[in-house]
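Inspection log for the structure reproduced underneath, given as structure tokens.
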Amino acid sequence: MDGGDLPSGSGSDIKKKQKLDDSVDDEDDSSSPMEVERRRYRSMAKVAIGYGVNPSVQNSFIAESIHSVCPEFSLDTSKLKSAVLEMHEEGKEKVKKMLKEREGSLTLCYEWFVLGDWTSDAIDGPILNEDFIGISAYFADENWKMNKWVLWYHPRASLRVKDIYVDSIKNVILDYGIESKVSTLLMPNYSDLGVKAFDDFRRWIEESGKSEIHPRVFLIYCCSDIFRLMVDDVFKDISIWFMDRVRMMFRWGRLAPKNWDVTLCNLQKAVYLFEEDEDYEDWEQPTDEEWITIKTFCKLAGCIYKVAKELFDGEYPTSNVYFHLLAELKFMLKEELKNGDSDYFLSKAKVILERFVKYWNDMFLVLATASVLDPRFKTKYLEFYCSKKEVNEEGSKAETVLDYIRNLYAAGDISPLPECPDASVKPKSLSLLQFLFGVEAEGDEEEEEDEKEEEKKPNGYKDFVLFQEFLKFEGSSREFQESELDSYLKEPIMEWKKEFNALDWWREKNSKYPILSRVARDILSIPISRGTSHRAYVADKRECPEFIVSMEDKLVNAMMCSESWPRF
């Protein structure tokens with residue numbers, strides 16, 4: 001959703017108008033004028049939410065489109081805002097029910113959004129708020145596809161909470177009734193959640209969710225943030241004055257805040273041109289100290305970029321690829337520290353390596369667990385990593401990871417995922433789309449009648465002592481059979497293919513590993529980074545859409561949440 005009111009006249013606007021015209025024309029002539037008006041405003045609300053149009057603006061393209069169909073129509077923005085809020089409340093009730101009833105766990109992600117430094121001058125209307133807090137849920141749905149749904153989005157200034165991190169997340173959990181569903185918190189790396197605050201939160205969620213799994217909740221710090229922080233550790237010694245001098249020499253244009261990968265690329269070009277191109281001999285040359293600073297930045301940030309490019313530009317949807325790629329970065333940084341050629345370089349390499357090692361140790365369990373659930377690795381890469389003294393000083397952690405997976409597999413609240421629907425079998429539950437759109441599943445009435453007939457049939461097996469003893473006997477013999485986890489780990493690993501979707505693989509193996517596939521779906525759907533592609537290289541605070549800065553709190557929340565839900 002791009003910010004701001006959308007101008008009329010472009011090709012995309014014509015298509016949007018056509019969609020809006022179709023919605024307005026699809027009205028029942030027999031309806032009362034009040035009902036016709038209600039439908040009309042709901043149609044406009046859908047367009048406003050779907051295309052990011054401020055419903056408070058009188059002269060938006062929505063009003064222009066309606067006026068072209070009905071010249072006598074005059075947009076009442078208060079009615080349009082009411083329709084947006086009404087549709088959000090309707091959608092929220094369905095989302096709450098779906099999240100509470102779905103099988104599996106989910107991750108809550110905390111994010112901070114701000115108005116861009118270079119866009120505020122172009123906004124029409126008053127700027128009511130410039131920074132916002134958003135909390136989203138990540139999960140894999142029944143079709144094994146990754147989802148991100150915004151559950152809460154509010155101006156930061158309006159929050160009245162003691163702890164902006166913990167209390168905001170708690171309020172969302174209580175509001176949606178998902179105490180037993182939250183398995184992971186994904187936090188930005190600039191935040192200081194605090195050990196005590198998180199321990200209190202984990203204790204609260206464990207008591208609310210009543211789960212025996214430990215850790216009940218993972219605390220994940222954003223991977224793209226740790227990369228940015230390591231780059232900043234080196235870049236902070238490069239003066240603004242020097243950057244401005246280089247900008248003038250190479251005509252970079254305005255010295256605006258840029259993604260760190262862009263800064264790296266520019267400085268790498270500067271180093272090359274300073275050394276190779278005689279045209280710059282007349283310019284003031286960097287001092288020896290500046291050369292060391294620049295080259296140190298290019299070398300260390302270059303190592304980080306090699307891994308960042310693979311992780312973030314590849315836009316991997318699941319967590320299984322992070323372990324081996326971050327292990328690669330750890331190895332590169334250790335090699336740079338071992339082969340450093342100046343005291344300054346060694347000091348900077350040590351600083352960023354220490355920062356990374358702390359992150360690595362904190363994230364090790366969840367990253368390694370996801371790697372084991374990748375059939376291209378299973379335990380092989382974990383065992384290989386633990387055997388390498390060059391990167392692993394603490395000895396083997398492989399058994400710790402396997403114990404955790406066994407704990408997940410054996411948990412009492414883990415149940416097999418349903419099989420893929422069979423055309424010959426009547427559905428027992430609504431699909432996600434049916435649920436959100438309110439469509440009744442075929443055969444529901446017949447299914448209810450069948451269930452009533454089943455209830456009438458006698459069932460005395462629970463009182464048959466000998467048969468109940470047989471079930472216990474038969475169950476005890478199964479305990480000595482090979483588990484799904486043991487079977488999975490025994491099979492040979494897959495041949496390496498970079499283009500591999502782990503969720504698709506586990507979906508296909510659902511019938512073979514009904515319980516383990518459920519574990520895999522929950523672990524693989526944990527997001528390790530808040531951003532991919534170019535978003536992974538930006539500053540710690542992401543930019544918010546421009547159109548929301550002129551809206552009141554409730555309307556901001558309704559627009560941003562509703563747009564992320566499937567019905568829109």
Linear extension gain, K350 paired with D167, 0.36 nm per residue minus alpha-carbon span:
62.3 nm
Going by average Cβ neighbours within 10 Å, how do the peptides 332-341, 319-328 rank, with the highest at the top?
319-328, 332-341
Counting only heavy atoms of protein chains, what accessible area per residue, in Å², does segment 294-384 have with a probe of 1.4 Å?
37 Å²
Relative to the present Cα-Cα distance, how much length would full extension add between S511 and M34 at 0.36 nm per residue of separation?
166.5 nm
Mind ranking 127-136, 232-241, 401-410 by how tightly packed they are, going by the mean number of other C-beta atoms within 10 angstrom, highest first?
127-136, 401-410, 232-241
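Quick one: which of K181/K330; K295/K338; K306/K512; K236/K299; K397/K541; K269/K306 span more than 27 angstrom between C-alpha atoms?
Pairs exceeding the cut-off: K181/K330; K306/K512; K397/K541.
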Rank-order 217-228, 287-298 by packing density, defined as the average count of other C-beta atoms within 10 Å over each peptide's residues, highest first.
217-228, 287-298
Taking a crude spin-label model, label points 7 Å out from Cα along the C-beta direction, the E93 to N266 distance in nm is 5.3 nm
Built amide H within the under 5 Å cut-off of F218, gap 5+
T184, L185
Would you mind computing, in nm to one decimal, how far apart the modelled labels at D553 and L159 are, each placed 7 Å from Cα along Cα→Cβ?
1.2 nm
If I stretch the segment between W241 and K100 completely, what's the gain in nm (0.36 nm per residue apart, minus their alpha carbon distance), one decimal?
45.3 nm
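The values are calculated or read from the model by the stated rules, or taken from the named source; none is laboratory data. Everything quoted here is computed from the prediction, not taken from an experiment. Neighbour counts are summed over all protein chains in view; Cβ atoms, including those assigned to glycine, are modelled from backbone coordinates with ideal geometry. For accessibility, only protein heavy atoms count, side chains too; no ligands or nucleic acids. Shrake-Rupley method; radii C 1.70, N 1.55, O 1.52, S 1.80 Å.
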